[in-house]
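The values are calculated or read from the model by the stated rules, or taken from the named source; none is laboratory data. Predicted model only: the values in this text are computed from it and were never measured. Positions of Cβ are generated from backbone atoms using ideal geometry, with glycine treated the same way; all protein chains shown enter the neighbour counts.
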Amino acid sequence: MNRFTDRVALITGAASGVGRATARQMVSEGASVYGVDIDQEGLQSVSDELGERFSPKTVDIRNREVCHEAVNGCVEHFGKLDVVANVAGVVRSHHVTDVDEETWRLIMGVNLDGMFWITQAAIPHLEKTAGNIVNVASNAGFMGQAYTVPYCAAKGAVINMTRALAMEYIKSDIRINAIAPGGMKTAMTENWSAPDDIDFELMKTYTGFRGMAEPESAANAICWMASDEAARCTGSILSVDGGLTAA
Ligand SMILES: NC(=O)c1ccc[n+]([C@@H]2O[C@H](COP(=O)([O-])OP(=O)(O)OC[C@H]3O[C@@H](n4cnc5c(N)ncnc54)[C@H](O)[C@@H]3O)[C@@H](O)[C@H]2O)c1
């Protein structure tokens, strides 16, 4: 397939996991990818793998100004913007009573603020190309998960922000969608740590029946949603969670 021939995509979180798998897939299908991440070393390794059709940009997406600079940098470098994949995210696990301000701001800043700033900066460019945005939400945006309350709040907001954006641009040619993955084998889950005294019974409802997925499961959904095959989708939230939220 060559669904992204001559298309330019900006992908946040491109240094690792789902973002990296999405960059790899899009480049393999003809895209030029502007990879945005806070992890410079990770970006360098993606760049080494993918070559000159991947341009790395080290950015902390919590900052509005740098998000706008990154989007402009992408357009300067590759000449236009067709696709934004807002993939970057962080999770932390705490009892609600132990969440300090720094942790709350981190979770909201990366999962929600950054997505909004990148989107805001990208829209004028996407209007020129009839482009589209794919946001990465989570099953945590639909379910009440214990010990990750700020993350659930942020991902729930991502889902409704996606719908609201789609409605604001419903009379344009821009499409804005989200995918909502379940658990995947990435750095996020490999580095996950929880308080020692959590009640594991509460976790059973969101472990599901089909185990952990590879990041390519979400990357494939992002690529489909970003391609012309999904031309009819806007304001859609696609669950890619092994049936976790079907219950
Ligand atoms: N892994 C899972 O089980 C799972 C499940 C559901 C949803 N998700 C979502 O999928 C997306 C990708 O996560 P992943 O599993 O690939 O995790 P990951 O940790 O492998 O990748 C996340 C990337 O985001 C980057 N990032 C973090 N803070 C940043 C910042 N301030 N500015 C720019 N980049 C920043 C990280 O450096 C990293 O490269 C996230 O939005 C996550 O919430 C993951």
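Hey, among Ile179, Ile118, which residue is in a helix (DSSP H, G or I) and either within 11 Å of the ligand (Cβ to nearest atom) or under 22 Å from Ala15 (Cα atoms) (or both)? None of the others qualify; the one that does is Ile118. What do you reckon, is Ile174 touching a strand residue (DSSP E or B) at 6+ places or on another chain (Cβ under 7 Å) and within 16 Å of the ligand (Cβ to nearest atom)? Answer is no for this residue. When Gly242 is tested against the conditions (1) among the small types (Gly, Ala, Ser); (2) at pLDDT below 95; (3) at positive phi, the lone failure is (2).
If only residues of region 1-42 that are acidic (Asp, Glu) and more than 17 Å from Thr186 (Cα to Cα) are counted, the one that is farthest from the ligand (Cβ to nearest atom) is Asp6. Filtering region 1-28 to residues that are crowded, with 16+ Cβ neighbours inside 10 Å, outside any helix (DSSP H, G or I) and not basic (Lys, Arg) leaves Phe4, Val8, Ala9, Leu10, Ile11, Thr12, Gly13, Ala14, Ala15, Ser16.
Flag set for Val66, criterion: among the β-branched types (Val, Ile, Thr), assigned to a helix (DSSP H, G or I) and either over 20 Å from Asn135 (Cα atoms) or touching an Asp or Glu at 6+ places or on another chain (Cβ under 7 Å) (or both).
Can you confirm whether Gly89 is near the ligand (Cβ under 9 Å from one of its atoms), in a helix (DSSP H, G or I), under 21 Å from Tyr151 (Cβ atoms) and not β-branched (Val, Ile, Thr)? Criteria not met by Gly89.
Is it the case that some residue within region 147-156 is surrounded by 18 or more Cβ atoms within 10 Å (Cβ to Cβ), within 11 Å of the ligand (Cβ to nearest atom) and among the basic types (Lys, Arg)? The answer is yes; a qualifying residue exists.
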